[in-house]
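What follows is a short report on a single structure.
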Amino acid sequence: MKQEKEETTTNLAFSDVITSRLGGETITLCYQCGTCASSCPVARITPRFNPREIIKLSLLGEKDEVLSGDAIWLCCSCYNCQERCPQKVEIADVIYALRNIAVKEGNIPNIYSEFADGLTNEGRIVPISKFLEKKRPDLGLPPLKPVGVDALRKILSVTKFDKIKQEKKEAP
Amino acid sequence: MTSYALFLGCTIPARQPSYEASARRALTKLGIELVDLANMTCCAPPPVQSLDLETGLSIAAYNICLAEEADLNIVTLCTGCFESLAMANTMLKENEKLKARVNQILSSTGKEFKGSKEVKHYLQVLLNDVGPNRLKENVSKNLSSLKVASFSGCHLLRPSALLKFDDPEKPHIFDDLIETLGAKSIWYRHKLKCCGGLLRGYADDVALAIAREKIANTTKAGADCIVTLCPFCFLTLDLGQVLMKSTFHEEYNMPILHYSELLSLALGIDPEELALQFHKIKVYSVLNKIG
Amino acid sequence: MDEIKVGVFLSDCGNQLSEILDFDALTNHVKNISSVVLVERNSEFWRGKGLRTILDAVKGGKINRVVVAESLPKLSEVNIVQAVEEIGLNPYLVEVIDLKDHCAWPHRDTPSEATEKAKAMLLAAIERAKLLEPIEKLEFPTLKSALVIGGGIAGMQTAVDLADLGFEVNLVEKAPFLGGLATRAGRFFPTDDCAICIQSPASDVKTITHTSRKCVYRSGLSQIPNLNILTNSKVVGVEGVPGNYKVTIEKKPRYVNELKCVACDLCTTVCPVEVPDKYNANLKTRKAIYMRVPNVHPPVYVIDESACNFHDCAKCVEICPTDAIELDQKSERVTLNVGSITVATGFQEFDSTVIKEYHYNDYPDVITNLEFARMIDGFGPTGGAIIRPSDRKPAKKIVMIQCVGSRDRRYNPYCSSICCMISLKHASLIKTAYPETDVTICYIDIRTTGREHEYYYERAREMGIKFVKGRPSEISRDPDTGRLIVDVEDELLKRFLELKADLVVLAPAMVPAEGTKELAEILGLELDEDGFFKEYNAKLRPTETKLRGIYLCGGATFPKDAPTTSLHAHSAALKAAKFLITGKIVKDQRTAVVNEEYCGDCEFCPVTCPYGAISLVSTTEDHFVARVSDLLCEGCGICVGTCPLNAIELRHSRPSQMLAQMKALMSVNGTSKPLVLTICCSECGHTAVDSSGMAMMQYPANVRVMKVPCTGILQVHQFLEAFKAGAQGVMVVGCKSDGCHYEAGSQKAEKKVELAKMLLKEYGIEPERLEMFSMIYIEGDKFAEAARTMTDRLKKLGQLQLMGGS
């Protein structure tokens, strides 16, 4: 009995990792009804993404496939799935949780790295061009107030957000 | 005079000055005071939540703290900012443990989230502070010939348990506010479906395919324009049509307007003041219909 | 007061026990205890020569208290007690203990320690026996009449059974006609024959054959003289006690005289009012005066008072050939005196409007299974034609959606169990009548678990019914054609489908019938977490409730199919019959009794009694005392554990008796281990101790067991008394907290243990010395484990030093 338990522990551990993560608590309720997939705008356009399959793979413990694949980054966060799920699985939040776990392991798409850089450097994920900022008076807009970058950097340091993106830089 | 702390976010000042210009002018005209607070940052929308949700919530909470200190409720223009801030506000108010954790993180900035203020989208301000009657009274242009395909985007409505804005399956607030201005809000297939905007930069092909469906459906339904609330939706549908032309060789010429622009036009504000030149798809056809 | 003379009888089970226990030492120990006048030893005492020894001692006046150490006391005690009663000694003056399973066998490795423990056990039994008092048997008369609430197939079958057995039966139905859901359903699976079939062999007054089935209208149900049927009637109040209920019924006026109406239908031809016929899924209209077609009973028309114009019209009155219409009829209140009540109120379809993405009540072409049943019924509003309600055109493409509001944590988390078969039935009926119709069923799982159900599913597939594994996300409508589009992912094909449909049939959840909550309140019944009437025990007593004399049957406890409903109905009838047949309830007075001088009118005990047995009675103008109904009291003692003033006691488990046992069990150690007092409930706790001994699981002999009816009887100060009596540790063993045989006792005990631990800490006593365990009979190993754990724990904690010495 004991030996069997050890063999399966590595697989089970992944769904435990997810359920203990903020947002991932409800993943084990899924009974694969497919309402989420049918509600999903992305799944209907491309087979690269299917929320039901991502959950299935995660529950089966296929950690590597889920975390290093591109599927989890294809969710457009429309929350349609989460609204309609009859088991109240917080599907979109589960996908965020999976992304968070992937990021901790160093798997970050480039565009997200850029967002993170923008945040640390300027306190905005989309930087404002000097050109547009200068144009504001012409457009009758008041000058922009300064951004709280210092406060933001303190937060990022406490949550070790700034460390996360550094791992990516070190990875080949 | 009702005052709100205006939360601009990143995308609007960076890419859509026309949204900001029209919103400021229209809301001021309707008697809403918009206060610009210093030290606000990015709201921490889904792209940030994707990297670390806890960080995202803390950043959102930080911005709410600024408003709490100024004793003002927040109003946002971008629905992404609305979702991020309202969601954080509700989550922290309802979950003591989470609030304690976030305040622990915020202590490094000297701020403490108290949950004393509300986060609203400007549609709520129009609905509750201005009211449909006063809004109607202020409309000076005739929009009755305008067939509008409304698209509020996902994050005004969902996740509905946290945002509590409108019925997520049968929303009507946005359509009502369009019809209050005199225009007609028409039905089109998959009206509530996402535009795919958040996939831009990661999977442009998928994002474009999703946006294309929306443009096609609105065109099929005979809309004169699409009216949006989210700057991402706007970008995806407006700039997106330029890409649709080059990628699919399809030309739709469907003007995309921010609701605040439609509102401004309806209130009689001069189109020259609205920075409409930043639209990729020209809006002359709409202006002509309004007169 | 007679002198107390205790006789002690020790069984050695064919000299087996004496291999382990030193019976001579036991006999000597017992002889010297005060009031013990006789000690005997034999192989067994519960039958034969041994039993005669006991009886002779009693008959001869030698003893008036009996203590027996016998094996399997839960069986043997019954024999001894019955025999003793027959010769005139009150049977509650007998105490039987188990030296085999509670002593010799679990401690066979330490025989001398076992003997010491046996001494303590015998002392405890003797001290308790000395404090026992005679308990009377009470008789409460019951009426030989029954009430059945609900005239669907469940209620009708129960009512007929009871009537056939000779009881006066009242069948009350709130609709104007009997039949319940069956009349709308038309046909029932798996046989697809008439839903309104009811077995009633004996009550068929016309023939003497053993025909098994008759439709209700020819079953003779309405001709049974001792079956009183009240339709258009509702239960509005219930008073009284089991066996003597006074039920108030409100009878709504029918406005048609049952004795005069000949069901000629002339009235409907002149009635000017037409309203949507909700019974027929609003697919047609009906008049204000109407009768159901086909009908079950009574064959009398009824007027819908919300639609009728009454005296402003009265056309029906004019035309009726027998003057049966009486527009001035009023509601009446009827009082019924019955011995038992059976609830058979059934279930209804969940309102799918809340699942907005399916647009039920929005798109007319989205209907439910029950509404579809009206459509396919040849007697129905469309004559059996399957049409689109929107334009009445034939429906050629039909999509069915399962689990609408079932297995849905937003609405009804449970599986409604019958909808898969209902939809398969409808699909099969469609294909049989209109083979060219395209039918697709969208499902999460197909559940066909009943006896013939899997074959039914197989035949459905053979008929060409299509199946898509996937729960549709949305139904939309094509604005040009008006046709419905169902969005679903076919998970097996991994393809997204947009199914076109003329008609979509939803399989909604089955939820409790309207009025369930109100009726539960009137009767004092509990509802389960899904809102259905709660069965007393799902495994063994599915048609009973925790209240005597009140039974449940049919879909009122959970959705079920017709075969299961029949079983359920007959079970409920049997239980009610057993209750009523003797004409009396016999109960002993092992109940709670209030010392009215001490009672402080705090109102705690009436609230905590799970059986509503305690009421407040005024003694003076403004003073109330609690009073216990011997009929309703089940003898658990939860009230005793609740009372802050020790004003209430259980006659057969008084605090003085318990204290005497505690002291006795702690009086002798004989082991090098710390003494542990174990207090077990008489239900699960004590049986776990039995089974551990029966299986010869070994645990140390310093663990001493005493029994209470329910751990809920325990008060915090009793734990402290146990330590004072010499216990180094105390174990409380009860039923699992969600399975207490007395509803809430073990939960209350858990709270008391928590409180006691806090107190112990204040006194400088380690709170870990007190622990509560919960286990059931088959977990005897858990008991042995707990006993060993406690012993080890106490060894580590060391000797307990009580303040002021003790």
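The values are calculated or read from the model by the stated rules, or taken from the named source; none is laboratory data. Everything quoted here is computed from the prediction, not taken from an experiment. Backbone-built Cβ (ideal geometry, glycine too); neighbour counts: all protein chains shown.
Among the numbered criteria (1) surrounded by fewer than 16 Cβ atoms within 10 Å (Cβ to Cβ); (2) touching a Pro at 6+ places or on another chain (Cβ under 7 Å), which single criterion is violated by C:GLU332?
Checking C:GLU332 against (1) surrounded by fewer than 16 Cβ atoms within 10 Å (Cβ to Cβ); (2) touching a Pro at 6+ places or on another chain (Cβ under 7 Å), the one that fails is (2).
Out of all the residues in region B:8-65, which are under 14 Å from the mean Cα position of the chain (by Cα) and of a type in the set (Asp, Glu)?
Within region B:8-65, B:GLU20 is the sole residue that qualifies.
Restricting attention to region C:251-299, and to residues there that are of a type in the set (Gly, Ala, Ser) and surrounded by 16 or more Cβ atoms within 10 Å (Cβ to Cβ), which single residue is farthest from C:ALA324 (Cα to Cα)?
Here is the first cut: in region C:251-299, the residues of a type in the set (Gly, Ala, Ser) are C:263, C:281, C:288.
The next check asks that each one be surrounded by 16 or more Cβ atoms within 10 Å (Cβ to Cβ); those that pass are C:281, C:288.
Values: C:ALA281: 29, C:ALA288: 16 Å.
So, considering only residues that are of a type in the set (Gly, Ala, Ser) and surrounded by 16 or more Cβ atoms within 10 Å (Cβ to Cβ), the one farthest from C:ALA324 (Cα to Cα) is C:ALA281.
For every residue, the table says whether it meets (1) modelled with pLDDT of 95 or more; (2) polar (S, T, N, Q).
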{"site": "A:THR10", "(1), (2)": "no, yes"}
{"site": "A:ILE18", "(1), (2)": "yes, no"}
{"site": "A:LEU29", "(1), (2)": "yes, no"}
{"site": "A:THR35", "(1), (2)": "yes, yes"}
{"site": "A:SER38", "(1), (2)": "yes, yes"}
{"site": "A:SER58", "(1), (2)": "yes, yes"}
{"site": "A:LYS88", "(1), (2)": "yes, no"}
{"site": "A:ILE91", "(1), (2)": "yes, no"}
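Inspect region C:71-93 for any residue being in contact with a Cys (Cβ under 9 Å, 6 or more places away or on another chain) and within 26 Å of C:PHE783 (Cβ to Cβ) and give the result as yes or no.
Here is the first cut: in region C:71-93, the ones in contact with a Cys (Cβ under 9 Å, 6 or more places away or on another chain) are C:71.
The next check asks that each one be within 26 Å of C:PHE783 (Cβ to Cβ); those that pass are C:71.
Yes, region C:71-93 has at least one match.
Of everything in region B:155-168, what is in a loop (DSSP other than H, G, I, E, B) and surrounded by fewer than 17 Cβ atoms within 10 Å (Cβ to Cβ)? Give them in sequence order.
As a first pass, look at region B:155-168 and keep what is in a loop (DSSP other than H, G, I, E, B): B:155-159, B:164-168.
The answer is B:LYS164, B:ASP167.
Within region C:109-125, count every residue that is in contact with a helix residue (DSSP H, G or I) (Cβ under 7 Å, 6 or more places away or on another chain) and farther than 16 Å from C:LEU675 by Cβ. Show your work before the answer.
Step one: of region C:109-125, the residues in contact with a helix residue (DSSP H, G or I) (Cβ under 7 Å, 6 or more places away or on another chain) are C:114-115, C:117-124.
Now restrict to residues that are farther than 16 Å from C:LEU675 by Cβ: C:122.
Residues meeting the conditions: 1.
Please tell me if C:LEU283 is aliphatic (A, V, I, L, M), outside the structural domain of C:LYS517 (by TED's automatic domain parsing) and either in contact with a helix residue (DSSP H, G or I) (Cβ under 9 Å, 6 or more places away or on another chain) or in a helix (DSSP H, G or I) (or both). Talk me through it step by step, then tell me what you get.
On the way: aliphatic (A, V, I, L, M): yes; outside the structural domain of C:LYS517 (by TED's automatic domain parsing): yes; either in contact with a helix residue (DSSP H, G or I) (Cβ under 9 Å, 6 or more places away or on another chain) or in a helix (DSSP H, G or I) (or both): yes.
Spelling it out, C:LEU283 is indeed aliphatic (A, V, I, L, M), outside the structural domain of C:LYS517 (by TED's automatic domain parsing) and either in contact with a helix residue (DSSP H, G or I) (Cβ under 9 Å, 6 or more places away or on another chain) or in a helix (DSSP H, G or I) (or both).
Would you point out which residue out of B:LYS117, B:LYS111, B:LYS93 is away from chain A (no Cβ under 14 Å), of a type in the set (D, E, K, R), part of a loop (DSSP other than H, G, I, E, B) and over 30 Å from A:GLY106 (Cα atoms)?
B:LYS117
Under 6 Å between Cβ atoms, which residue pairs at least 6 apart in sequence (or on different chains) link something in region C:665-692 that is of a type in the set (Val, Ile, Thr) with a partner that is in a helix (DSSP H, G or I)?
Final answer for the pair search is C:VAL668/C:GLU116; C:VAL668/C:LYS119; C:VAL668/C:ALA120; C:THR671/C:GLU113; C:VAL676/C:MET790; C:THR687/C:TYR777; C:VAL689/C:PHE783.
If you scan region C:18-44, which residues turn out to be within 11 Å of C:THR115 (Cβ to Cβ) and in a loop (DSSP other than H, G, I, E, B)?
C:ILE20, C:LEU21, C:ASP22
Rundown of residues vs (1) within 25 Å of B:LEU156 (Cβ to Cβ); (2) buried (at least 17 other Cβ atoms within 10 Å of the Cβ), yes/no style:
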| residue | (1), (2) |
| --- | --- |
| A:TYR79 | yes, yes |
| A:VAL94 | yes, yes |
| A:ASP117 | no, no |
| A:ALA151 | no, yes |
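Residue by residue, here is whether (1) in contact (Cβ under 8 Å) with a residue 60 or more places away in the chain; (2) not polar (S, T, N, Q) holds:
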residue	(1), (2)
B:GLN104	no, no
B:LEU163	yes, yes
B:PRO168	no, yes
B:HIS172	no, yes
B:ASP176	no, yes
B:GLU179	no, yes
B:GLU213	no, yes
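For region A:63-83, what are the residues that are over 23 Å from B:VAL206 (Cα atoms) and touching a residue at least 40 places away in the same chain (Cβ under 8 Å)?
So the first thing to find is which residues in region A:63-83 are over 23 Å from B:VAL206 (Cα atoms), and the list is A:63-64.
Result: A:LYS63, single match.
Pick out the one residue from B:THR218, B:THR236 that is of a type in the set (S, T, N, Q), in contact with a helix residue (DSSP H, G or I) (Cβ under 6 Å, 6 or more places away or on another chain) and farther than 22 Å from A:GLY140 by Cβ. It would help to see each step written out before you state the result.
Values: B:THR218 fails: in contact with a helix residue (DSSP H, G or I) (Cβ under 6 Å, 6 or more places away or on another chain).
When all the criteria are applied, what remains is B:THR236.
Restricting attention to region C:235-250, and to residues there that are touching a strand residue (DSSP E or B) at 6+ places or on another chain (Cβ under 6 Å) and buried (at least 18 other Cβ atoms within 10 Å of the Cβ), which single residue is farthest from C:ALA613 (Cα to Cα)?
Step one: list which residues in region C:235-250 are touching a strand residue (DSSP E or B) at 6+ places or on another chain (Cβ under 6 Å), which gives C:235-240, C:243, C:245-250.
Subset that is buried (at least 18 other Cβ atoms within 10 Å of the Cβ): C:235, C:238, C:243, C:245, C:247, C:249.
Numbers: C:VAL235: 23, C:VAL238: 16, C:GLY243: 15, C:TYR245: 15, C:VAL247: 19, C:ILE249: 25 Å.
Filtering first and then ranking leaves C:ILE249.
What is the one condition in (1) facing another protein chain (nearest Cβ under 8 Å); (2) under 19 Å from A:LEU22 (Cα atoms); (3) modelled with pLDDT of 90 or more that A:GLY148 does not satisfy?
Of everything listed in (1) facing another protein chain (nearest Cβ under 8 Å); (2) under 19 Å from A:LEU22 (Cα atoms); (3) modelled with pLDDT of 90 or more, A:GLY148 misses just condition (2).
Which one of B:SER150, B:SER145 is more than 10 Å from every other protein chain (Cβ to nearest Cβ), surrounded by fewer than 23 Cβ atoms within 10 Å (Cβ to Cβ) and not in a helix (DSSP H, G or I)?
Working: B:SER150 fails: surrounded by fewer than 23 Cβ atoms within 10 Å (Cβ to Cβ).
Only one candidate qualifies: B:SER145.
For region C:530-581, which residues satisfy the criterion of being aromatic (Phe, Trp, Tyr) and under 14 Å from C:GLY346 (Cα atoms)? Let's see the steps before the verdict.
Taking region C:530-581 and keeping what is aromatic (Phe, Trp, Tyr), we get C:532-533, C:536, C:551, C:558, C:579.
Selection gives C:PHE532, C:PHE533, C:TYR551, C:PHE558.
Looking only at region B:195-205, decide whether some residue is surrounded by 15 or more Cβ atoms within 10 Å (Cβ to Cβ), assigned to a loop (DSSP other than H, G, I, E, B) and among the hydroxyl-bearing types (Ser, Thr, Tyr).
Yes: region B:195-205 contains one or more residues that are surrounded by 15 or more Cβ atoms within 10 Å (Cβ to Cβ), assigned to a loop (DSSP other than H, G, I, E, B) and among the hydroxyl-bearing types (Ser, Thr, Tyr).
Being within 15 Å of A:VAL147 (Cα to Cα) and at the interface with chain A (Cβ under 7 Å from one of its Cβ atoms) is the filter here; which residues of region B:7-55 pass it?
B:CYS10, B:THR11, B:PRO13, B:ALA14, B:ASP36, B:LEU37, B:ALA38, B:ASN39, B:MET40, B:THR41, B:CYS42
C:SER423 passes all but one of (1) polar (S, T, N, Q); (2) away from chain A (no Cβ under 14 Å); (3) touching a strand residue (DSSP E or B) at 6+ places or on another chain (Cβ under 8 Å); (4) assigned to a loop (DSSP other than H, G, I, E, B); which number fails?
Single failed check for C:SER423: (4).
For residues in region B:206-215 being closer than 19 Å to B:SER152 by Cβ and out of contact with any strand residue (DSSP E or B) (no Cβ under 9 Å at 6 or more places or on another chain), which is surrounded by the fewest Cβ atoms within 10 Å (Cβ to Cβ)?
From region B:206-215, those closer than 19 Å to B:SER152 by Cβ are B:207, B:210-211, B:213-215; that's our starting set.
Remaining after also requiring out of contact with any strand residue (DSSP E or B) (no Cβ under 9 Å at 6 or more places or on another chain): B:207, B:210-211, B:213.
On the way: B:ALA207: 25, B:ILE210: 25, B:ALA211: 26, B:GLU213: 17.
Among them, the one singled out is B:GLU213.
In the set B:SER285, B:SER264, which member is assigned to a helix (DSSP H, G or I), closer than 12 Å to B:SER18 by Cβ, among the polar types (S, T, N, Q) and in contact (Cβ under 8 Å) with a residue 24 or more places away in the chain?
B:SER264
If you scan region A:102-128, which residues turn out to be facing another protein chain (nearest Cβ under 7 Å) and of a type in the set (Gly, Ala, Ser)?
A:ALA116, A:GLY123
Just to check your reading of the model, which residue among C:SER423, C:SER417, C:SER390 is surrounded by 15 or more Cβ atoms within 10 Å (Cβ to Cβ) and either of a type outside the set (Ser, Thr, Tyr) or under 30 Å from C:LEU523 (Cα atoms) (or both)? Step through it out loud before you land on a result.
Working: C:SER423 fails: either of a type outside the set (Ser, Thr, Tyr) or under 30 Å from C:LEU523 (Cα atoms) (or both); C:SER390 fails: either of a type outside the set (Ser, Thr, Tyr) or under 30 Å from C:LEU523 (Cα atoms) (or both).
The conditions single out C:SER417.
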